[in-house]
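Undergrad: This structure is in structure tokens; I'll ask about it shortly.
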Amino acid sequence: MKETPLSNCERRFLLRAIEEKKRLDGRQTYDYRNIKISFGTDYGCCIVELGKTRVLGQVSCELVSPKLNRATEGILFFNLELSQMAAPAFEPGRQSDLLVKLNRLLERCLRNSKCIDTESLCVVAGEKVWQIRVDLHLLNHDGNIIDAASIAAIVALCHFRRPDVSVQGDEVTLYTPEERDPVPLSIHHMPICVSFAFFQQGTYLLVDPNEREERVMDGLLVIAMNKHREICTIQSSGGIMLLKDQVLRCSKIAGVKVLEITELIQKALENDQKVRKEGGKYGFAESIASQRITAFKMEKAPIDTSDVEEKAEEIIAEAEPPLEVVSNPVLWTPGTAQIGEGVENSWGDLEDSEKEEEDEDGTDEAIILDSIKMDTGVEVSNIGSQEIFQEIILILFPPHFLKDAPIVLSDSEEEEMIILEPDKNPKKIRTQTISAKQEAPSKKPVRKRKKKRAAN
């Protein structure tokens, strides 16, 4: 995926701001972006943040055979990877011209400057030497990759510890960190790259250009220098002609910046070593700011629990007492027992079929009561179904009439036939339910008989 080109308006805006000695992020011409260094849990692992440009550095080692022409020197290997995670313009699996140029510049800065004593990496001359591999991964691209990569590489090398070894004859013994303390690398000096961007054919100069400033620059000058003001390498790209005074001015600025960055690196290494000795917490998780949403730790606020009971009593005393809710029991018929508090049913509304059946039963009872009221002139109060039937029996059938004939009372659905006989206990006989269509015509003749008997 190709990077999105800048529009003409953006290009003119950036160039005009540079002419007025202004930058988009508020920096001055020779200002460097903020540098943050954080270390991982293992030795030789670090992340360097140069503004929004982030580079992960990881150092590893292994015992290998030395080169034939340098039998007593160890091997240094540097590898920088530009992934699409850093910027969509980087293509995976393909080495671009930018990547080749950055890798060569890193090798010249760190290997050719002899910043690491390679002879101290020799274990057995001509047979076993240490191969130190430095892998650099660009996590986010916001300009000036070479400066961030060089800082990450030298910090990872200074932080790295290789396992200790011992040689007895032809036998080489490798010790674990638990058996013997790891050995740091022998580093003579720390070369650091400083980049200078030129605009308008060298008329204007900026230190540490960001990604947008790199798009409109005409040339780039990279100076690798240590804190002793020794130039390790220098590279100019872009095809612009620089004067001697411009190069000298850039070298003086680079000397000041390298001194500040070296002090920052040494301070970060000392702090990490101090935390590890004291047994404190260290690693990338501890370096994340606690104010961010993605933080892994939170500041614990002290809580006084001495007067918790007193405060709880005060809160209870000030609070309003709860309302006393007393449930009124519902007795459907007198003389019946109840289970529980006797409150109304709260299981929800009845189904449609149950409602229809209740309506039919209610209409039938209402018809019977109306007919009784009209025939006998006796008012029937709204009481239980059992009392209603008892009154109907007493009205329709006097006591002298019930001496010999048994009385049959029918109920709805599962009909319980109650046979009332004199001087005997009532017996209940269940009969099968009859469909609603068959019940309707069976009730009409019963009503007529009751009317006739009442008239008699």
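The values are calculated or read from the model by the stated rules, or taken from the named source; none is laboratory data. Everything quoted here is computed from the prediction, not taken from an experiment. Counting neighbours? That spans all protein chains shown, and the Cβs are built from the backbone with ideal geometry, glycine included. These area figures cover heavy atoms from the full protein model, side chains too; ligands, DNA and RNA do not enter into them. Shrake-Rupley method; radii C 1.70, N 1.55, O 1.52, S 1.80 Å.
Undergrad: Could you tell me whether residue 31 is in a loop (DSSP other than H, G, I, E, B), closer than 17 Å to residue 217 by Cβ and not hydrophobic (A, V, I, L, M, F, W, C)?
TA: yes
Undergrad: Can residue 58 be described as within 30 Å of residue 199 (Cβ to Cβ) and polar (S, T, N, Q)?
TA: Spelling it out, it is not the case that residue 58 is within 30 Å of residue 199 (Cβ to Cβ) and polar (S, T, N, Q).
Undergrad: Another one. If you scan the stretch 202-233, which residues turn out to be open to solvent by 80 Å² or more (accessible area, probe 1.4 Å) and outside any loop (DSSP other than H, G, I, E, B)?
TA: Passing the criteria: 212, 231.
Undergrad: Can you name every residue in the stretch 254-285 that is in a helix (DSSP H, G or I) and buried (at least 17 other Cβ atoms within 10 Å of the Cβ)?
TA: Passing the criteria: 254, 255, 257, 258, 261, 262, 265, 268, 272.
Undergrad: OK, next. Find the residue count for the stretch 73-100, including only residues that are open to solvent by 80 Å² or more (accessible area, probe 1.4 Å) and in a helix (DSSP H, G or I). Working first, answer last.
TA: Filtering the stretch 73-100 for residues open to solvent by 80 Å² or more (accessible area, probe 1.4 Å) gives 81, 84-85, 91-95, 97.
Those left that are additionally in a helix (DSSP H, G or I): 97.
The qualifying residues number 1.
Undergrad: Now a separate question. Limited to the stretch 231-249, what total is found for residues that are more than 46 Å from the chain's Cα centre (by Cα) and not basic (Lys, Arg)?
TA: Total meeting the criteria: 10.
Undergrad: Against the conditions (1) touching a residue at least 24 places away in the same chain (Cβ under 8 Å); (2) more than 30 Å from residue 228 (Cβ to Cβ), where does residue 168 fall short? Just the number, please.
TA: Here residue 168 meets the rest and fails (1).
Undergrad: Moving on to the next point. Could you list, in sequence order, the residues of the stretch 54-72 that are part of a loop (DSSP other than H, G, I, E, B) and open to solvent by 40 Å² or more (accessible area, probe 1.4 Å)?
TA: Correct list: 65, 67, 68, 69, 70, 72.
Undergrad: For the stretch 166-197, which residues satisfy the criterion of being open to solvent by less than 80 Å² (accessible area, probe 1.4 Å) and over 44 Å from the mean Cα position of the chain (by Cα)?
TA: Listed by number, the residues that qualify are 166, 167, 169, 172, 173.
Undergrad: Can you name the condition, by its number, that residue 143 falls short on among (1) on the phi > 0 side of the Ramachandran plot; (2) modelled with pLDDT of 90 or more?
TA: Against the list (1) on the phi > 0 side of the Ramachandran plot; (2) modelled with pLDDT of 90 or more, residue 143 comes up short only on (2).
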